[in-house]
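Chemist: Next up is a structure, given as C-alpha cells.
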Amino acid sequence: MKLAGNIIWLLLGGIITAIEYAVSSLLLMITVIGIPFGLQTLKLARLALWPFGSTIADTGHSGGCLTVIMNILWLICGGFWICISHLFFGLLLCITIIGIPFGLQHFKMAGLSLTPFGKTII
C-alpha cells in the first residue's frame, strides 16, 4: 500500500512539490549563509518525493543553541508559510475519506517545515 500511495502522491503533485523544493534549495545555496537552509529544503524535497513509509525523527544529538537559533530563523524567513500551506492542503484533502492518507502526509510535512533543523527522515 505504501508503494501505491507514493506513486499516486507523485502523479498528483508530489513530483512538482519536490521540484519546487529542489529549485528553492539550489537558489538558497548560492550564498554561503543560505547553505544550511538549502539543505533543509532538500530534506523537504526528499519527503515530498516519497512520504508514505517515511518517518521524521530527531537526530539524537541536539545541536544546542545553534539548532534553536537556526529553527527560529527558518520559521521567521518562510517556514511558517510553508507550514501553513501544508496544513491547508492537509485539511483540504481530509474532507474526503479517500484523501485522508494524503492529508496526513501533508500534516507530516507541515511538522517538518516548522523546525527542520535537528530532524532526519527515516
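The values are calculated or read from the model by the stated rules, or taken from the named source; none is laboratory data. What you see is a predicted model, and the numbers here were worked out from it, not measured in a lab. Backbone-built Cβ (ideal geometry, glycine too); neighbour counts: all protein chains shown. Calculation scope for accessible area: heavy atoms of the full protein, side chains included, ligands and nucleic acids excluded. Shrake-Rupley method; radii C 1.70, N 1.55, O 1.52, S 1.80 Å.
Chemist: Would it be correct to say that ALA22 is open to solvent by 30 Å² or more (accessible area, probe 1.4 Å), in a helix (DSSP H, G or I), at pLDDT 95 or above and among the small types (Gly, Ala, Ser)?
Modeler: Details: open to solvent by 30 Å² or more (accessible area, probe 1.4 Å): yes; in a helix (DSSP H, G or I): yes; at pLDDT 95 or above: yes; among the small types (Gly, Ala, Ser): yes.
Considered against the rule, which asks whether it is open to solvent by 30 Å² or more (accessible area, probe 1.4 Å), in a helix (DSSP H, G or I), at pLDDT 95 or above and among the small types (Gly, Ala, Ser), ALA22 comes out as yes.
Chemist: Quick one: in the range 46-56, which of the residues that are in contact with a strand residue (DSSP E or B) (Cβ under 6 Å, 6 or more places away or on another chain) and outside any helix (DSSP H, G or I) is nearest to SER113 (Cα to Cα)?
Modeler: The qualifying residue nearest to SER113 (Cα to Cα) is ILE56.
Chemist: Those residues that are closer than 30 Å to MET1 by Cα and either among the small types (Gly, Ala, Ser) or under 10 Å from the mean Cα position of the chain (by Cα) (or both), I need them from the range 26-48; list them, please.
Modeler: Listed by number, the residues that qualify are GLN40, THR41, LEU42, LYS43, LEU44, ALA45, ARG46, LEU47, ALA48.
Chemist: Further question: Return yes or no: is PHE88 loosely packed, with under 13 Cβ neighbours inside 10 Å and either within 12 Å of the chain's Cα centre (by Cα) or at pLDDT 95 or above (or both)? Before the answer, list the steps.
Modeler: Details: loosely packed, with under 13 Cβ neighbours inside 10 Å: yes; either within 12 Å of the chain's Cα centre (by Cα) or at pLDDT 95 or above (or both): yes.
So PHE88 fits the description; yes.
Chemist: Would you check if LYS43 is touching a residue at least 60 places away in the same chain (Cβ under 8 Å) and open to solvent by 30 Å² or more (accessible area, probe 1.4 Å)? Talk me through it step by step, then tell me what you get.
Modeler: Working: touching a residue at least 60 places away in the same chain (Cβ under 8 Å): yes; open to solvent by 30 Å² or more (accessible area, probe 1.4 Å): yes.
Here the answer is yes, as LYS43 does meet what is asked.
Chemist: Could you please let me know if THR59 is farther than 28 Å from MET1 by Cβ, open to solvent by 30 Å² or more (accessible area, probe 1.4 Å) and of a type outside the set (A, V, I, L, M)?
Modeler: Here the answer is yes, as THR59 does meet what is asked.
Chemist: When you go through THR67, THR31 one by one, which is the residue that is assigned to a loop (DSSP other than H, G, I, E, B), out of contact with any strand residue (DSSP E or B) (no Cβ under 8 Å at 6 or more places or on another chain) and at pLDDT below 95? Please lay out each step first, then the result.
Modeler: Working: THR67 fails: assigned to a loop (DSSP other than H, G, I, E, B).
Criteria check complete, one pass: THR31.
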